[in-house]
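Inspection log for the structure reproduced underneath, given as structure tokens.
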């Protein structure tokens, strides 16, 4: 099946999943080609907030972008399959519930003091748990993936939460 054939066929995805897949595709592209402007924690301009901090963050950002782009394109690539036969779509419900659960467990571990810590050369703790930004990102994962998985499982109906289409 070639890309023009897939793109010329019907898009058999629920509207929210189509929006999600398109968004993931563009976010993935953004992270791959993220502007590598110099990082300065003192600057507060819009572009400085998009800057990549030093170390290997640029490589990590690119890998995150490639993974996100791949997932978005996977959703779009399976859009020609009839929904009742779309194993990927059905399986995404329990997987996304698992991701939301893991995000919730990470937030809970951080809240009770089991979030881990970095240590300096003397063995003293430098920072414990997630940063404020990390907590908000993890909460977003919990809410976004959890609610969208619940909605999709409900929308799919029979087999929606089992990960199996009704034809199997």
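The values are calculated or read from the model by the stated rules, or taken from the named source; none is laboratory data. What you see is a predicted model, and the numbers here were worked out from it, not measured in a lab. Cβ: placed from backbone, ideal geometry, glycine included. Neighbour counts: every protein chain shown.
Scanning the stretch 74-93 for residues that are touching a helix residue (DSSP H, G or I) at 6+ places or on another chain (Cβ under 8 Å) and not in a loop (DSSP other than H, G, I, E, B) turns up 74, 75, 76, 77, 83, 88, 89, 90, 92, 93.
Filtering 58, 100, 66 for residues that are at pLDDT 90 or above and within 20 Å of residue 133 (Cβ to Cβ) leaves a single hit, 100. Taken over the stretch 111-165, the criterion of being at pLDDT 85 or above, surrounded by fewer than 14 Cβ atoms within 10 Å (Cβ to Cβ) and outside any helix (DSSP H, G or I) is satisfied by 157 alone.
Consider residue 26 carefully, then state whether it is within 15 Å of the chain's Cα centre (by Cα), at pLDDT below 90 and either outside the structural domain of residue 145 (by TED's automatic domain parsing) or not in a helix (DSSP H, G or I) (or both).
No, not satisfied.
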